[in-house]
1. For the stretch 46-104, report the convex hull volume of the alpha-carbon atoms normalised per residue, in Å³, without decimals.
2. Rounded to the nearest 0.05, what FRET efficiency do Tyr130 and Val84 have when you use their Cβ-Cβ distance and R0 = 25 Å?
3. For the stretch 56-143, what is the convex hull volume of its Cα atoms per residue in Å³?
4. May I ask you to derive the FRET efficiency for Glu55 and Glu92 from their Cβ-Cβ distance with R0 = 22 Å, giving the value to the nearest 0.05?
5. In the full protein assembly as shown, how much of Arg34 is accessible to a 1.4 Å probe, in Å² to the nearest 10?
6. Please give every one of the aspartates and glutamates within straight-line cross-link reach of Lys94, meaning a C-alpha to C-alpha distance under 16 Å, and leave out same-chain neighbours fewer than 8 residues apart.
7. Please list Tyr127, Tyr39 in order of solvent-accessible area, largest first, computed with a 1.4 Å probe with all protein chains present.
Amino acid sequence: MKCKYFTIIGIAILSLGILWGIANYLNAKSEPDRYEGAYNSYDVNEPDLQIQKNEDGTYLIQIGIFRLTFLRECTGILAEDKIVFSTTEWGEDKEITGTITVDDEDIATVTLAATWSDWWFKNINVYKYYKVSDIPDIYELQY
């Protein structure tokens, strides 16, 4: 009798553990990536930062800076609670690098650097954006 009782309890605990594991797995898959989404610029109140997580875990990043530039081919990786990215879309010898952090209020801070230039991103290199959607709107060139 005791053996049956412990077997039933063991099966019940195992079943609950399996259900809990499945629920946690599904919940983790359904939660959006903290960084991924569309962010508006404070300068023009338009979506000027797009972050899309790729299947391989990297990020495609597009950054618009009002009256300055639009970077559309940045590739980043998550490292130490920030996205570290770079692009050579201006030329192989003109790499632009940067980081993106997102705080608890969904404000993204983008910091840019261009070591090859005496003036690009030297005096002003930090830009802030606020999240408006968990779904990015990636701009694709139409040829």
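1. Roughly 100 Å³ of hull volume per residue.
2. Once the sixth-power term is evaluated, E becomes 0.70.
3. 137
4. Step by step, r from the Cβ atoms, then E = 0.25.
5. 110
6. The reachable aspartates and glutamates, counting only those whose Cα sits under 16 Å from Lys94, are Glu73, Asp118.
7. From most accessible down to least: Tyr127, Tyr39.
The values are calculated or read from the model by the stated rules, or taken from the named source; none is laboratory data. Computed from a predicted model, the values in this text were never measured in an experiment. Here Cβ is always computed from backbone atoms with ideal geometry, including for glycine, and neighbour counts include all displayed protein chains. Ligands, DNA and RNA are excluded from the accessible area calculation, which covers all protein heavy atoms including side chains. Shrake-Rupley method; radii C 1.70, N 1.55, O 1.52, S 1.80 Å.
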